[in-house]
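Note sheet for the following structure.
The values are calculated or read from the model by the stated rules, or taken from the named source; none is laboratory data. Since the model is a prediction, treat every value here as computed from it, not as a measurement. Backbone-built Cβ (ideal geometry, glycine too); neighbour counts: all protein chains shown.
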Amino acid sequence: MQKICGLIIILIGIFITNITFAGGSHMFTFKSIDGEDTINLSDFSGKAVLVVNTASRCGFTSQYDGLQTLWEEYKDRGLVVLGVPSNDFGGQEPGTEKEIKNFCTVNFNINFPMTEKQVVSGASAHPFYIWAAKELGALSKPRWNFFKILIDGDGKAVDWFASNTSPTSSKVISAIESVIPN
């Protein structure tokens, strides 16, 4: 009887785990950088999403240009670029949301969606980042600014790219081309 009860408990645990993650990335939300709207990743169902933790005072900050280029070239084909400002690495995003948005607009003409500043690493990371690390493995945890995670239209985490990988590199473009719907 104990073996049967134990087996039932294990099966229930597996079932609940599968239900919990069945929605993939679509179950996560962020506050928009202006604080007025909620960004529901479920709103991007059917689209690929490139989620990038960003910082305004980083050696990789120039990657904003490449991210904006991706957004402009692929948004009509089903790609969303989502910027997630974070001060986790080197204190390189110390500004307020208003300052961050202004910096991005003035210096890079950014118009892709951006979230409020988030914790992206460690135990306090936004749940999206904890989920992505479980889906893609420990190496998919952001280790610096401008770390990129690619989500397909079904909300599945499909790839990650290190901070030093340019958003317009052939590696990133190829991965995007393989998951965009159009």
Self-check item: Filter result (touching a Ser or Thr at 6+ places or on another chain (Cβ under 8 Å) and under 18 Å from F161 (Cβ atoms)) within region 32-50
Solution: V49
Self-check item: Residue match in region 115-128 (condition: closer than 14 Å to G83 by Cβ and in a helix (DSSP H, G or I))
Solution: yes
Exercise. Scan region 57-106 for residues that are outside any strand (DSSP E or B), aliphatic (A, V, I, L, M) and surrounded by 14 or more Cβ atoms within 10 Å (Cβ to Cβ) and jot them down.
Key: L67, L70, I100
Self-check item: Residue count for region 33-46, restricted to those that are of a type outside the set (S, T, Y) and in contact with a helix residue (DSSP H, G or I) (Cβ under 9 Å, 6 or more places away or on another chain)
Solution: 7
Quiz item: Out of curiosity, is G155 at positive phi and buried (at least 17 other Cβ atoms within 10 Å of the Cβ)?
Solution: yes
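Using the structure shown, decide if Q68 is at pLDDT 95 or above and touching a Ser or Thr at 6+ places or on another chain (Cβ under 7 Å).
no
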Quiz prompt | Selection from region 1-39 of residues that are farther than 17 Å from Y129 by Cβ and modelled with pLDDT of 50 or more | solution = M1, Q2, K3, I4, A22, S32, I33, D34, G35, E36, D37, T38
Exercise. Answer yes or no: is there a residue in region 162-175 that is modelled with pLDDT of 95 or more, under 21 Å from N40 (Cα atoms) and among the hydrophobic types (A, V, I, L, M, F, W, C).
Key: no
Quiz item: What number of residues in region 130-176 are outside any loop (DSSP other than H, G, I, E, B) and either in contact with a helix residue (DSSP H, G or I) (Cβ under 9 Å, 6 or more places away or on another chain) or among the hydrophobic types (A, V, I, L, M, F, W, C) (or both)?
Solution: 23
